[in-house]
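S.K.: Pasting a structure below so you can have a look.
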Amino acid sequence: MKMREVQFRQIKNQLERVQKAGGFYSKRLEGIQLEQIQSQEDFEQLPFSSKEDLREAYPLGLSAVEEEKIVRIHSSSGTTGTPVIIPYTAKDVDDWAIQFARCYEMAGITDKDRIQITPGYGLWTAGIGFQNGCEKLGAMAIPMGPGNTDKQIQMMIDLKSTVLCATSSYALLLAEEIAKRGIRDQIHLKKGVIGSERWGEKMRRRIQEELGIELYDIYGLTEVYGPGIGISCEKQNGIHYWDDYLYIEIVDPVTGKVLPDGEMGEIVITTLVKEGAPLIRFRTHDLSRIIPGDCPCGSPFPRLDIIAGRTDDMLKVKGVNMFPSQIEEVITEVDGASSEYLVEIEHVDGKDQMTLFVETVTGADKEQVGKHLAGHFKSRIGMTPVVKMVDLGELPRSEKKTKRVIDMRF
Ligand code: ZN
């Protein structure tokens, strides 16, 4: 993607600021003469930053402003050790809300809507981002947080919620529960804003059909404001992102080389106006591509494709590389297979063995569907898993992120 003149100026500004601030980036940019950065190509020579780097700056080493300007911190999950702490100034908090309100608007949500927010509130950026964006837009927030399905449904009915914000797993769980109780005619939902998890077409269709609503994918990560830096539009043609706040590059995850528009690689983000914790060439580990050309919806904002997976999600089984998104695609293409699946990989007699559990659409012949699926998997991905078809609803559901791959080899 060609860097615009204004973006280049903003990036230069930001580089000067972080170099002076004396935190993490002044070390990272040590020895680099900023006046020698004259073009996009020069910028593309700057070092990347990674989540590991950010972790080393724990607790507040990322801060690029005086302490009194920081009004809030958020933290990304520390599943693998030290968490990353991101400090926000008042302007950062406001900029984030502006971007999030834009997301709601892109989804056709207005100040007349009632937005039921089920992502969690707390150190991480989920619930509070949905909330701030909702208030910025002027809609009514119903700040439920996760869990307590009975109460969720009660509030949804009594307050006539029109928008549901949720992870895809929780949206599915709610949709199934509403169908089971036969209360869909009491539900007023029109739209769903679904975030923080990659999900397949089949799951989307099921939530859409069970609830009778339009769905929008929201994108974001704690290190870069939080959810709300981009969203899909009514054409379902990728995710528009806000290029007046972010500069996005797609790079080869192995070599780090910047890839041309249209090619799949790792999303790398540079913030343009962030004050508390600016990021320069931050590697997200999310896989996508920039969709070339204009969106039929008419929005001038550029597009990323739906996130295809994580660079670190790649599975290698019997020497074959695959991403969960490919497994999902294969399942989507087989009639009689439902959206929910679970992959188990183990080492048996010195060999990899992959078992694929898939829920079966009610009434379909398990044996036939399983056979078809195994054959289709082989032709699309290049190896044959052991396919076990199970009943609808048999695999675990989660209120947060559903774990779909269990690798017992390590
Ligand atoms: Zn569009």
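S.K.: Scan segment 276-293 and give yes if some residue there is surrounded by fewer than 21 Cβ atoms within 10 Å (Cβ to Cβ), within 16 Å of the ligand (Cβ to nearest atom), of a type in the set (Lys, Arg) and under 19 Å from the mean Cα position of the chain (by Cα), otherwise no.
M.R.: yes
S.K.: Report yes if residue 392 is under 20 Å from residue 200 (Cα atoms), of a type outside the set (Asp, Glu) and surrounded by fewer than 17 Cβ atoms within 10 Å (Cβ to Cβ), otherwise no.
M.R.: Details: under 20 Å from residue 200 (Cα atoms): yes; of a type outside the set (Asp, Glu): yes; surrounded by fewer than 17 Cβ atoms within 10 Å (Cβ to Cβ): yes.
Considered against the rule, which asks whether it is under 20 Å from residue 200 (Cα atoms), of a type outside the set (Asp, Glu) and surrounded by fewer than 17 Cβ atoms within 10 Å (Cβ to Cβ), residue 392 comes out as yes.
S.K.: Filter segment 216-238 for residues that are in contact (Cβ under 8 Å) with a residue 40 or more places away in the chain and either in contact with a Lys or Arg (Cβ under 6 Å, 6 or more places away or on another chain) or not in a strand (DSSP E or B) (or both) and give the result. Walk me through it before giving the result.
M.R.: The first filter runs over segment 216-238 and keeps only residues in contact (Cβ under 8 Å) with a residue 40 or more places away in the chain, leaving 216-235, 237-238.
Residues satisfying the conditions are 222, 223, 233, 234, 235, 237, 238.
S.K.: Could I ask something else about it? Taking segment 145-181 only, how many residues are crowded, with 23+ Cβ neighbours inside 10 Å, aliphatic (A, V, I, L, M) and under 17 Å from residue 195 (Cβ atoms)?
M.R.: Looking only at that region, the number is 7.
S.K.: Could you go through segment 201-214 and let me know if any residue there is over 22 Å from residue 285 (Cα atoms), in a strand (DSSP E or B) and at pLDDT 95 or above.
M.R.: Checked segment 201-214: at least one residue is over 22 Å from residue 285 (Cα atoms), in a strand (DSSP E or B) and at pLDDT 95 or above.
S.K.: A further question on this structure: Looking only at segment 161-194, how many residues end up being among the small types (Gly, Ala, Ser), assigned to a helix (DSSP H, G or I) and under 24 Å from residue 121 (Cα atoms)? So that I can check it myself, show each step before the final result.
M.R.: Keep residues of segment 161-194 that are among the small types (Gly, Ala, Ser), which gives 161, 166, 168-169, 171, 175, 179, 182, 192.
If we keep only those that are assigned to a helix (DSSP H, G or I) too, we end up with 168-169, 171, 175, 179.
From what is left, the residues that are under 24 Å from residue 121 (Cα atoms) are 168-169, 171, 175.
Residues that pass the stated criteria total 4.
S.K.: Hey, does segment 219-233 have a residue that's more than 16 Å from the ligand (Cβ to nearest atom) and more than 30 Å from residue 88 (Cα to Cα)?
M.R.: Keep residues of segment 219-233 that are more than 16 Å from the ligand (Cβ to nearest atom), which gives 220-228.
Next, only the ones that are more than 30 Å from residue 88 (Cα to Cα) stay: none.
No, because not a single residue in segment 219-233 is more than 16 Å from the ligand (Cβ to nearest atom) and more than 30 Å from residue 88 (Cα to Cα).
S.K.: Which ranges mark the strands (runs of 3 or more DSSP E) fully within segment 281-371 that have 3 or more residues being without any contact (Cβ under 8 Å) to a residue 60 or more places away in the chain, more than 30 Å from residue 49 (Cβ to Cβ) and touching a Lys or Arg at 6+ places or on another chain (Cβ under 9 Å)?
M.R.: Details: elements: 282-288, 315-317, 320-322, 337-348, 351-360.
Per the criteria, 351-360.
S.K.: Next up: Would you check if residue 299 is surrounded by fewer than 21 Cβ atoms within 10 Å (Cβ to Cβ), of a type in the set (S, T, N, Q) and at pLDDT 95 or above? Give the steps one after another, and end with the answer.
M.R.: Details: surrounded by fewer than 21 Cβ atoms within 10 Å (Cβ to Cβ): yes; of a type in the set (S, T, N, Q): yes; at pLDDT 95 or above: yes.
Yes, satisfied.
S.K.: Next question, about the same structure. Please specify each residue of segment 160-182 satisfying the condition of being in contact with a His (Cβ under 9 Å, 6 or more places away or on another chain) and not charged (D, E, K, R).
M.R.: Taking segment 160-182 and keeping what is in contact with a His (Cβ under 9 Å, 6 or more places away or on another chain), we get 160-162.
161, 162 - these are the residues of segment 160-182 that are in contact with a His (Cβ under 9 Å, 6 or more places away or on another chain) and not charged (D, E, K, R).
S.K.: Output the residue which, of all residues in segment 257-271 that are aliphatic (A, V, I, L, M) and crowded, with 22+ Cβ neighbours inside 10 Å, is nearest to the ligand (Cβ to nearest atom).
M.R.: So the first thing to find is which residues in segment 257-271 are aliphatic (A, V, I, L, M), and the list is 258-259, 264, 267-269.
Checking the rest, the ones that are also crowded, with 22+ Cβ neighbours inside 10 Å come to 267-269.
On the way: 267: 18, 268: 22, 269: 20 Å.
By that ranking, first place goes to 267.
S.K.: Buried (at least 18 other Cβ atoms within 10 Å of the Cβ), more than 16 Å from the ligand (Cβ to nearest atom) and of a type outside the set (A, V, I, L, M, F, W, C): is that true of residue 216 in this structure? Write out each step before concluding.
M.R.: Details: buried (at least 18 other Cβ atoms within 10 Å of the Cβ): yes; more than 16 Å from the ligand (Cβ to nearest atom): no; of a type outside the set (A, V, I, L, M, F, W, C): yes.
Judged against the criteria, residue 216 is not a match.
The values are calculated or read from the model by the stated rules, or taken from the named source; none is laboratory data. Note that the structure is a prediction, hence the values are computed from the model and not measured. Because the Cβ atoms are built from the backbone with ideal geometry, glycine has one as well, and the counts that use them run over all protein chains shown.
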